[in-house]
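Worksheet: the structure to be examined is printed underneath.
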Amino acid sequence: MQITTLQLKNFRNYEDECFCFENGVNVLYGRNAQGKTNCAEAVFYLCAGVSPRAKKDRQLIRSGAESAYICAEAESRFGKVKIEAEIYENHREIRINGNKIAKNADLFGNINGVFFSPNELRLIQDGPEERRRFLNVSLSQLSGNYYTALVRYNKILEQRNTLLKNRDMDMVFETLPVWDTQLCRYAAEVIERRSEYIAMLAPIAAEKHAFLTENAEKLEISSEKRYGDTREEIAQRLSRALSENYEKDLRLGFTTEGPHRDDLKIAIDGAEARVFGSQGQTRTAALAVKLAEVEIFKRMSGETPVLILDDVMSELDLARRRKLLAEIEDGQTILTCTHTEKVLFGKSVHKIRIAGGKIKR
């Protein structure tokens with residue numbers, strides 16, 4: 001999979017620029033705060049339909065403009081594809097090959113992308129929400145069914161939580177089982193698919209981590225598996241857990257059981273990485289997870305996803321930079337840095353200098 005061109009209009013600090021990318025490593029370089037990360041962000045937005053940095057789409061619109069426009073043309077084993085996104089203050093429109101898509105699930109799989117930046121350390125250092133977000137973004141690109149189940153689960157969960165705040169107890173106890181039946185149906189699919197993904201991710205991430213650390217440390221990833229293995233078993237156990245926690249949920253005003261409470265366990269040499277990992281250990285572990293994500297995309301989709309590395313080189317020592325570059329020889333990589341280094345990049349790298357939101361030729 002390869003992105004050939006990327007056009008940005010009124011996106012972040014770009015007024016109107018068109019990037020031409022090549023297969024292999026593409027290096028966006030320049031001083032800080034010139035727009036390198038903004039370009040990387042735009043690429044991933046067209047892959048996953050979300051920004052890895054902004055919580056609201058309107059934050060992507062250039063100051064003083066009414067809308068932003070992103071367009072990428074790419075080539076995959078299925079042929080050429082053109083994806084456009086027009087972003088407005090309160091809504092957006094995404095088109096694939098000129099056709100407007102009705103739901104975000106239709107975007108996934110057209111351009112697969114994996115994004116990594118120093119901020120991705122949150123995957124290790126922060127709370128469970130960040131690890132669930134990682135699973136959701138990755139799995140949604142791989143499976144439209146997962147994304148649909150997740151959206152439906154979240155909608156039902158919101159309605160159940162609203163019901164728990166109602167003071168009409170007779171109505172609440174009469175209605176909760178109805179919501180629980182629907183909630184468990186979609187929760188079971190979300191939990192099962194996450195479990196399958198983690199089972200695939202764990203050994204690959206451990207292998208990548210061993211390569212990056214020269215076998216000096218051992219990375220272990222696991223899921224909690226609180227509700228069983230099969231979809232039927234998960235639905236039954238979750239249903240029972242929900243009913244057993246009615247009084248607790250009513251007292252707290254929200255649902256205390258379900259995949260929205262799940263976590264991903266990440267350990268280095270048997271110790272919880274979030275608590276005991278150093279900055280360097282955390283960085284290497286997060287990078288290993290992302291490289292494993294690339295491998296999973298390759299196995300499941302049949303081609304290498306676009307790898308987006310934002311300001312990663314400055315955070316790694318020379319030995320690990322070389323190891324990282326050895327890992328990304330296949331496929332297309334879009335890499336941002338403040339300056340290029342011949343000792344690392346060599347002659348085959350496509351370089352693009354950015355200054356003030358403009359390509360400098």
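The values are calculated or read from the model by the stated rules, or taken from the named source; none is laboratory data. Source: prediction; values computed, not measured. Counting neighbours? That spans all protein chains shown, and the Cβs are built from the backbone with ideal geometry, glycine included. The protein model used for the area step is the full one, side chains on, heavy atoms only, and it has no ligands, DNA or RNA in it. Shrake-Rupley method; radii C 1.70, N 1.55, O 1.52, S 1.80 Å.
Taking the conditions (1) under 22 Å from Lys298 (Cα atoms); (2) of a type outside the set (Lys, Arg); (3) at pLDDT 95 or above in turn, Leu142 satisfies each one other than (3). Restricted to helices (runs of 4 or more DSSP H) entirely inside the stretch 116-182, those with at least 2 residues that are among the charged types (D, E, K, R) and in contact with a Leu (Cβ under 6 Å, 6 or more places away or on another chain) are 128-142. Counting only strands (runs of 3 or more DSSP E) that sit wholly inside the stretch 5-107, those with at least 3 residues that are open to solvent by less than 20 Å² (accessible area, probe 1.4 Å) and farther than 22 Å from Cys337 by Cβ are 68-76, 79-87. Scan the stretch 254-282 residue by residue and report those that are open to solvent by 50 Å² or more (accessible area, probe 1.4 Å), of a type outside the set (Ser, Thr, Tyr) and assigned to a loop (DSSP other than H, G, I, E, B). Phe254, Asp269, Gly270, listed by residue number. If you go through the stretch 236-253, how many residues are in contact with a Ser or Thr (Cβ under 9 Å, 6 or more places away or on another chain) and surrounded by 18 or more Cβ atoms within 10 Å (Cβ to Cβ)? The total comes to 3. Identification of strands (runs of 3 or more DSSP E) wholly contained in the stretch 287-357 with 1 or more residues that are polar (S, T, N, Q) and either under 26 Å from Gln125 (Cα atoms) or open to solvent by less than 60 Å² (accessible area, probe 1.4 Å) (or both) yields 332-337.
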